[in-house]
Amino acid sequence: MPDDETTSPLIPSAEEPARRSGQIGWKLFWRQIMETQTPRRAVSDLEYNLLTVLQNKAEAIKAYDVYIRDARQANSQPCAQLFEKLQQMDIECAQEIRHHLQEVMQKGRM
């Protein structure tokens, strides 16, 4: 292995596990390292999950505007109504998720 600043004996290269048969692979190596660390987090897993779901709902709500417009341009009122109904359901879900997120951020849990 070359001896330069980009090579570390603690961090195996992608080729290293193949050369050192019988030892753990680099993916397993990193997983073990990450599982043994206790990193400080800016947000809890629960907050992150709620934020992620809220973001996905917000993106879906915006996308429904396009779907509704496309359905109307195709003269498909039943499809436009379906997309409007789904959009309204996602708006209600987003409001509930937001409420849960606020509670978790204030109290650390629901």
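Some values worked out for this structure:
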| quantity | calculated |
| --- | --- |
| Extension gain (nm, one decimal) between GLN95 and ALA58, 0.36 nm per residue minus Cα-Cα | 12.3 nm |
| Residue list for the range 46-68, given a label point 7 angstrom along the Cα-to-Cβ vector of GLU84 and an amide N cut-off under 18 Å | 61-68 |
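Just so you know, all these numbers are worked out from the coordinates, no wet-lab data involved. Computed from a predicted structure; not experimentally measured. Quick reminder, even Gly has a Cβ in these numbers, built from the backbone with ideal geometry, and neighbours come from all protein chains shown.
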